[in-house]
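Read through the structure below, which is laid out as structure tokens, and then see the notes.
The values are calculated or read from the model by the stated rules, or taken from the named source; none is laboratory data. Because the structure is predicted, anything quoted here is derived from the model rather than measured. FYI the Cβ positions are ideal-geometry reconstructions off the backbone, even for glycines, and counts take in every protein chain you see. SASA here: full protein model, heavy atoms, side chains in, ligands and nucleic acids out. Shrake-Rupley method; radii C 1.70, N 1.55, O 1.52, S 1.80 Å.
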Amino acid sequence: MNRDKLSVSTYTEAQHGQIQGHEVVRSTSRPASSLTLGLQRQCLWQTLVDDVPRYLALAQDEKVDVCIIGAGFTGLSAALHLAEYGKKVCVLEAHAVGEGGSGRNVGLVNAGTWARPDDLNTYLGDEVGEKLTTALGQAPKLVFSIIDKYNIDAQDTRTGNLHMAHNATGEADVDIRYQQLTRRGVPVEVLTGAKCHEYCGTTKINKALLDKRAGTVNPYAYVTGLAKAATQNGAKIYEKTPVQQISGQQGQWVVHSGEHTVTADNVIIATNAYTEGEWTDIKKTFYFVEYYQIASEPLSGAVADRILPYRNGSWDTRMALSSIRRDKDGRLLLGTVGSATGKPQQFFVSWANHVQKHYFPDLPKFNWQYEWCGKFGFTKDHIMRVFEPAPGILAATAYNGRGITTGTMFGKAFADYIMQGDKTHVPLPFKNLDDSLVSLRGWRSWFTEAGLTLYHAGQSLKIIP
Ligand SMILES: Cc1cc2nc3c(=O)[nH]c(=O)nc-3n(C[C@H](O)[C@H](O)[C@H](O)COP(=O)(O)OP(=O)(O)OC[C@H]3O[C@@H](n4cnc5c(N)ncnc54)[C@H](O)[C@@H]3O)c2cc1C
């Protein structure tokens with residue numbers, strides 16, 4: 001198996017069906033390899049969603065109000081909201097819905113950026129910083145309201161997420177975040193002592209910030225649910241339809257894919273870190289960081305039940321953070337920043353065994369079942385970017401690993417802007433694309449990855465506690 005390509009795509013047990021006048025191919029998404037014993041290179045989330053609609057490729061020219069490129073959270077949230085407003089919309093996706101970051105992430109529905117709110121104000125100024133913090137603070141509610149409105153089985157939890165301090169510096173960070181958030185009236189709580197141990201399921205964490213706005217989803221279930229909701233409202237989705245060019249013609253935009261075109265008044269570029277092709281420079285506005293995840297077999301029993309008993313999502317304050325969560329079947333999922341490319345499988349298995357033994361030493365022996373990777377767009381200031389490279393064209397990039405809420409929120413904000421012509425619906429000023437190109441992107445990714453590899457090796461060798 002090629003370790004460099006951990007795909008989320010499986011097309012099995014396909015049968016043909018119809019959705020909203022669209023011919024689709026349905027897939028139960030169960031991977032053919034699921035009977036194979038041992039650790040599989042397969043995204044867990046897909047295996048937990050049945051009956052996923054597949055959409056046909058663009059086979060004729062189209063004329064719409066808005067053409068959206070990329071079927072992840074951003075593109076599909078924009079499509080859903082525009083279609084709800086009555087706009088004629090189509091989404092062009094190079095591969096399949098959820099093929100990018102949206103189908104393979106950790107599933108933490110978080111409120112805010114990685115940067116603390118006061119730091120956002122330092123970078124953006126008080127007015128814009130507060131506006132962005134407020135918009136992202138309301139974004140988990142937006143995600144959960146879409147799930148409720150369209151009855152999406154997103155396998156979600158809404159019990160809040162835990163930022164777990166792993167040492168004294170982390171505890172100080174948790175205290176600062178608590179002060180900054182409570183000053184803004186946000187429902188957060190610092191857990192300490194026995195209550196902290198109970199929530200986290202480990203005595204290795206003595207302080208954690210519980211953000212009650214947050215929760216978790218199966219991200220593949222949520223993104224494929226968004227696609228269904230958009231098509232129910234009349235949006236068209238075309239899979240296996242890579243965009244190669246956008247050109248202008250008589251005051252409209254023409255989006256080219258193979259022999260066919262879509263003519264539109266507005267175009268939303270929602271390809272983010274998975275952008276393919278040389279038709280846009282947006283992928284030059286960030287550098288890549290990869291993220292690795294591993295999932296156990298379903299765990300039960302008294303010891304397993306004590307791990308995150310309230311099903312909060314969580315992550316620790318390490319330089320190379322560890323994310324920890326459970327899935328609907330009780331699997332334990334660990335994740336960390338770093339790439340599996342070019343590393344033996346044992347590298348991250350050793351890391352995962354170390355993290356599990358460190359936090360949950362009493363867990364009886366179990367097997368790791370699935371491992372997979374993904375990449376996200378990173379910026380030095382940890383703040384996303386929005387662009388309006390030409391009148392009628394919008395793009396959002398570099399969510400810095402926080403895209404479930406961010407993508408859903410910016411998709412809706414773009415829809416509101418297009419409908420009402422008012423830029424203030426987008427809670428971040430548009431940057432000039434040419435001024436935002438990041439130099440030495442390859443080197444930045446390489447240095448980051450080298451540092452992460454050393455950190456993980458240090459953890460596995462117990463040099464780093
Ligand atoms: C491993 C991992 C863990 C993460 N964990 C979390 C988390 O816990 N919580 C959180 O909030 N965020 C998390 N993120 C970030 C989040 O997943 C992303 O920010 C989010 O999915 C971005 O959504 P998007 O719609 O903007 O882009 P994507 O979901 O990446 O979608 C872009 C789509 O565009 C398509 N595309 C690319 N080029 C073309 C083209 N030329 N023509 C047509 N289509 C094209 C791609 O195939 C892809 O489907 C994580 C990311 C990764 C990778």
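With R₀ fixed at 25 Å, the C-beta to C-beta distance from residue 141 to residue 306 puts the FRET efficiency at about 0.25.
If you rank 41, 318 by how much accessible surface each has, with a 1.4 Å probe, what is the order from largest down? Mind showing how you got there, number by number?
Numbers: 41 55, 318 20 Å².
Reading off the accessible areas and sorting them downward yields 41, 318.
Nearest 10 degrees, 0 to 90: what angle lies between the long axis of helix 441-460 and the longest principal axis of the chain (Cα atoms)? Tilt relative to the chain: about 30 degrees.
Seen against the Cα atoms of the chain and their longest principal axis, helix 345-359 is set at about 60 degrees.
Given their separation in residues at 0.36 nm each and the Cα-Cα distance between them, residue 463 and residue 168 gain 104.4 nm when the chain is fully extended.
Accessible surface of the range 74-231, 1.4 Å probe: 49 percent of it comes from carbon and sulfur atoms. Using the Cα centre of the range 315-465 as origin and beta-carbon charges of +1 (Lys, Arg) and -1 (Asp, Glu), tell me which of 409, 433, 379 is placed farthest towards the positive end of the dipole. Farthest along the dipole direction, towards plus: 379. Sorted largest first, the principal axis extents computed over the alpha-carbon atoms of the range 105-154 equal 39, 21, 10 Å. Only beta bridges with both residues in the chain are counted; by DSSP, about 70 percent of them are antiparallel.
For 95, 166, the ranking by accessible surface with the largest value first comes to 95, 166, using a 1.4 Å probe. Computed with a 1.4 Å probe over protein heavy atoms only, the accessible area of residue 99 comes to about 20 Å².
Charges at C-beta only: +1 for Lys and Arg, -1 for Asp and Glu. How large is the resulting dipole of the range 183-336 about its Cα centre, in Debye rounded to 20? Please report the intermediate quantities before stating the final value.
On the way: 19 positive and 15 negative charges, 165 e Å.
Value, rounded to 20: 800 debye.
Every helix of 4 or more DSSP H residues in the chain counts as -39500 (n - 2.57), and over all residues that averages to -9500 deg cm²/dmol at 222 nm.
What are the semi-axes of the equivalent ellipsoid of the range 35-94, taken as the square roots of 5 times the eigenvalues of the Cα gyration tensor, listed largest first and rounded to whole Å? List each step's numbers first, then the result.
Values: eigenvalues 199, 38, 20 Å².
The three semi-axes for the range 35-94 are 32, 14, 10 Å.
For the chain, with the dipole built from +1 on Lys and Arg beta-carbon atoms and -1 on Asp and Glu ones, taken about the Cα centre, which of 46, 182, 273 lies farthest toward the positive end? Sorting the options by dipole projection puts first 182. The charge dipole of the chain, taken about its Cα centre with unit charges on the Cβ atoms of Lys, Arg (+1), Asp and Glu (-1) only, comes to about 1040 debye. At the residue level, residue 431 shows approximately 100 square angstrom of accessible surface with a 1.4 angstrom probe and all protein chains present.
Let's see if you can work this out: charge +1 on each Lys and Arg Cβ, -1 on each Asp and Glu Cβ, no other charges. What is the dipole magnitude of the range 89-224 about its Cα centre, in debye to the nearest 20?
Numbers: 14 positive and 16 negative charges, 58 e Å.
The dipole of the range 89-224 has a size of about 280 debye.
Taking a straight Cα-Cα cut-off under 30 Å and skipping sequence neighbours fewer than 8 places away in the same chain, the lysines within cross-link reach of residue 87 are 63, 131, 141, 149, 228, 236, 240, 283, 412, 423, 431.
Per residue, how much accessible area does the chain have with a 1.4 Å probe, in Å²?
Details: 18850 Å² over 465 residues.
Per residue, the chain has 41 Å² of solvent-accessible surface.
Counting Cα-Cα pairs of the chain in 10 Å increments starting at 0 gives whole-percent bin shares of 4, 21, 32, 27, 13, 3, 0.
Between residue 278 and residue 328, what is 0.36 nm times their sequence separation minus the Cα-Cα distance? Round to one decimal in nm.
Numbers: separation 50, 0.36 × 50 = 18.00 nm, distance 3.97 nm.
Length gained between residue 278 and residue 328: 14.0 nm.
Taking a sphere under 15 Å around the Cβ of residue 127 and counting the other residues whose Cβ falls inside, with K and R at +1 and D and E at -1, yields a net charge of 0.
In the range 256-409, a dipole from Cβ-located charges (positive for Lys and Arg, negative for Asp and Glu) runs towards its positive end, and of 360, 298, 322 it is 360 whose Cα lies farthest in that direction.
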